[in-house]
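Undergrad: If you scroll down you'll find the structure; I have some questions about it.
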Amino acid sequence: MKFIAFVLLSVVAFTACGGPAANSSNRSAEIKKGVQPVADSEIAVIELENAAAYGTIKIELYSNIAPKMVERFKELAKEGVYDGTTFHRINPSVVQGGDPLSKDEDPSNDGTGKSSKPNVPAEFSDILYDTGILGAARGQSNDSANSQFFITLKREPGFDQRYTIFGKVIEGMNNVRTISGVQPKDGERPVEPVRIKTVRIEPKQ
């Protein structure tokens, strides 16, 4: 299934593919307003296979903003679902990964997959999409987030209140930028896979 962008023309290059939409309807999602993000006692550590080139990325998670998406992300990480997946979409706005289909030998399906678990309903908030925000990728339905995620490279006002925010990079943003500069690419997909070795959930130091 192909997906369309929901955002303004300035960010039309970013199509947040989070797997097939649950249905053709698109309910208006409630937006959580005036709530400051509170970091969990656990963080996510993304370790890349080519650690010498890409290092690690540490992310704080916001259960008080998006409890369902944080729970899903932790669950998939602990089950090893993200191990061996790639950052399949890289553009000036985001690096995006978390698609189980990116583990296979068919690059044409990267960005179209999801986990075997049910989709996660939208948990939109008025937190701004600034540099380093961890967002939940989705398809046409607001409620179609599942396993895929993205990290913003810069302020993206067109994403505000349109995609669930559930964390932020606290260490390794330079590594995210290194990933964003990978060449050559086939469209937005790196020709040489930028592969995640593992995502660990560990206590915040």
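Bear in mind these aren't lab numbers, they're just calculated from the coordinates by the rules spelled out. Note that the coordinates shown come from a computational prediction; the quantities given were computed from them, not determined experimentally. Cβ: placed from backbone, ideal geometry, glycine included. Neighbour counts: every protein chain shown.
Undergrad: Collect residues whose amide H, placed 1.01 Å from N in the peptide plane, falls under 5 Å from the amide H of VAL120; neighbours closer than 5 in sequence don't count.
TA: Under 5 Å from the amide H of VAL120 lie the amide H atoms of ALA145, ASN146, each far enough along the sequence or on another chain.
Undergrad: Right, another one. Amide H to amide H under 5 Å from VAL94: which residues, 5+ apart in sequence or cross-chain, H placed 1.01 Å off N in plane?
TA: Here LEU153 satisfy the definition.
Undergrad: Further, regarding this structure: Name the residue from GLY84, VAL35, ALA122 whose Cα lies farthest towards the positive end of the charge dipole of the chain, charges +1 on Cβ of Lys and Arg and -1 on Cβ of Asp and Glu.
TA: VAL35
Undergrad: Size of the dipole of region 27-100 about the Cα centre, Lys and Arg at +1 and Asp and Glu at -1 on the beta carbon, nothing else charged, in debye to 20?
TA: Value, rounded to 20: 420 debye.
Undergrad: Still on this structure, I have one more. Run down the lysines and flag those whose C-alpha is under 29 Å from the C-alpha of LYS197, throwing out any fewer than 8 positions away in its chain.
TA: LYS2, LYS58, LYS68, LYS74, LYS78, LYS103, LYS114, LYS117, LYS154, LYS168, LYS185
Undergrad: Using +1 at the C-beta of Lys and Arg and -1 at the C-beta of Asp and Glu, which of ALA145, ASN109, ILE133 has the Cα lying farthest in the positive direction of the dipole of region 107-170?
TA: Positive-end residue among those listed: ASN109.
Undergrad: Could you size up the charge dipole of the chain around its Cα centre, putting +1 on the beta carbon of Lys and Arg and -1 on that of Asp and Glu, and report it in debye to the nearest 20?
TA: Charge dipole, the chain, about its Cα centre: 340 debye, nearest 20.
Undergrad: Still on this structure: Please list, in order along region 41-54, the HN-Hα scalar couplings obtained from phi with the Karplus expression 6.51 cos²θ - 1.76 cosθ + 1.60 (θ = phi - 60°), rounded to whole Hz, x for Gly and Pro.
TA: Each residue's phi maps through the Karplus curve to give 6, 10, 10, 9, 10, 8, 10, 8, 4, 8, 5, 4, 8, 10 Hz.
Undergrad: Can you tell me which of 49-55, 86-92 comes out highest on packing, and rank the rest after it, using the mean Cβ neighbours within 10 Å?
TA: Going by the mean number of other Cβ atoms within 10 Å, highest first, we get 86-92, 49-55.
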